[in-house]
Amino acid sequence: NPHYARLAGTNVNGAEKQFVWPARVNPGINRGYRPEMLRDGRLKEFTAACGWFVYNGDLLPELAGDVFVAEPAGNFVRRMVLSSADGTVRGRNPYDRAEFIASTDERFRPVSFATGPDGALYVIDLYRGVLQHRISLTSYLRKQSEERGLAEGQHLGRIYRVVPADRPVARVAAIPALNTEQWVAKLNDANAWWRETAQRLLVEKREMALVPAIRQVAQSATNP
């Protein structure tokens with residue numbers, strides 16, 4: 001398009017600030033010997049941000065639409081509250097010099113997230129001492145890992161389930177055997193896990209007789 005000056009969204013920093021606030025010292029990072037990498041022995045800015053995820057469940061409405069970013073090198077999870085102004089989206093940390101989840105365990109390595117059928121936020125923890133591939137492992141970091149035995153203890157990954165603290169939350173023991181009409185109704189569920197699962201199953205089944213019912217949901221659903 002000759003009338004479009006440049007590609008919007010290219011090289012735009014979505015985070016309001018890059019500063020991070022781990023709960024422990026972080027000597028075991030690449031280039032940890034450089035003074036600009038650490039602040040009082042703790043990671044100063046993002047270096048291994050990954051697993052970006054928008055929470056879209058219904059169990060934690062106060063987190064709806066927030067972005068979660070894993071920082072395995074710093075042993076924490078960042079929550080970002082989004083805002084939009086003049087066509088630009090920005091994310092800010094709602095906590096003052098703190099993180100949504102920050103661990104003093106050096107092996108806490110969050111890498112990904114998911115919303116479950118119960119609406120909870122699930123955090124996937126690689127739980128390993130060493131993150132880097134051998135190609136990117138500096139001699140400094142190799143020494144750090146060997147001295148503290150971080151290369152040992154594999155296959156210990158774990159999954160954390162984040163739920164409200166003020167009320168009990170039942171687990172979903174098993175996914176019920178719903179018929180296709182019931183799955184169509186789930187397209188309007190408040191929890192995106194059910195909406196996305198319903199969409200996948202209906203696409204896989206390819207029952208064209210359901211098209212009118214699906215169209216009805218699209219036209220009259222209360223949840224956009």
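The values are calculated or read from the model by the stated rules, or taken from the named source; none is laboratory data. Here the structure is a predicted model, which is why all the values come from computation and not from measurement. Reconstructed Cβ throughout: ideal geometry from the backbone, glycine too, with neighbour counts over all protein chains shown.
Kindly establish whether Ala170 is closer than 21 Å to Ala114 by Cβ, out of contact with any helix residue (DSSP H, G or I) (no Cβ under 8 Å at 6 or more places or on another chain), loosely packed, with under 15 Cβ neighbours inside 10 Å and in contact (Cβ under 8 Å) with a residue 12 or more places away in the chain. Yes, satisfied.
Inclusion of Arg128 among residues that are farther than 30 Å from Met208 by Cβ and surrounded by 14 or more Cβ atoms within 10 Å (Cβ to Cβ) is warranted.
Among the residues of segment 1-43, the ones that are assigned to a loop (DSSP other than H, G, I, E, B) and under 18 Å from Leu131 (Cα atoms) come to 12 in all. Please indicate, with yes or no, whether at least one residue in segment 24-39 is surrounded by 13 or more Cβ atoms within 10 Å (Cβ to Cβ), free of Cβ contacts under 8 Å to residues at least 40 places away in the same chain and either on the phi > 0 side of the Ramachandran plot or under 20 Å from the mean Cα position of the chain (by Cα) (or both). Looking through segment 24-39, none of the residues is surrounded by 13 or more Cβ atoms within 10 Å (Cβ to Cβ), free of Cβ contacts under 8 Å to residues at least 40 places away in the same chain and either on the phi > 0 side of the Ramachandran plot or under 20 Å from the mean Cα position of the chain (by Cα) (or both). Would you call Val89 of a type in the set (Val, Ile, Thr), at pLDDT below 95 and part of a strand (DSSP E or B)? Taking the combined requirement at face value, the residue satisfies it. Exactly one residue out of Leu150, Leu156 is modelled with pLDDT under 95, surrounded by 15 or more Cβ atoms within 10 Å (Cβ to Cβ) and not aromatic (Phe, Trp, Tyr): that is Leu150.
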